[in-house]
């Protein structure tokens, strides 16, 4: 049995081969480009963890959750605000947590160290921090009049925002 080849078969074969090569080159280009971007994101400057220290316990900021610190670096990069200079509260010893009126299961408390409070001098800054924090992936956000609480405690309810004093509605809720 003889196979009949069309006159244009070599053209179709060439176009198919060219398409596969171009698609492959495009995939390689995008892969290399995205891996370079990832390296740049991960190449953050080291953070001085003492900004998270409980006032009564030097060196306690070393316990801070690394995912939280990484997300704060992203928050600083995206907003342009000096987040690490605006830390009000990071790690808390049990006695300091009690002194400041923190709840008994506070995510600030050692050894959890999964929460921070960030100064927010104006309503605009506070609301901007809240919305960008949500976009970065924070799922627990407390909104005070002069600060924003962010935490990464996955053992507590997620996609929640609350106001201060405890039990009040937040002025801005990024999850509704």
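The values are calculated or read from the model by the stated rules, or taken from the named source; none is laboratory data. Fair warning: this is a prediction, and the values are worked out from it, not measured in the lab. Note that each Cβ is placed from the backbone with ideal geometry, even for glycine, and that neighbours are counted across all protein chains shown.
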* **Among (1) surrounded by fewer than 22 Cβ atoms within 10 Å (Cβ to Cβ); (2) modelled with pLDDT of 95 or more; (3) touching a helix residue (DSSP H, G or I) at 6+ places or on another chain (Cβ under 6 Å), the one test that residue 153 misses** => (3)
* **Leading residue by the ranking (nearest to the chain's Cα centre (by Cα)) among those in region 9-56 that are in a loop (DSSP other than H, G, I, E, B) and modelled with pLDDT under 75** => 44
* Asked: Any idea which of 136, 125, 87, 141 is buried (at least 22 other Cβ atoms within 10 Å of the Cβ) and either closer than 20 Å to residue 53 by Cα or in the same structural domain as residue 65 (by TED's automatic domain parsing) (or both)?
  -> 141
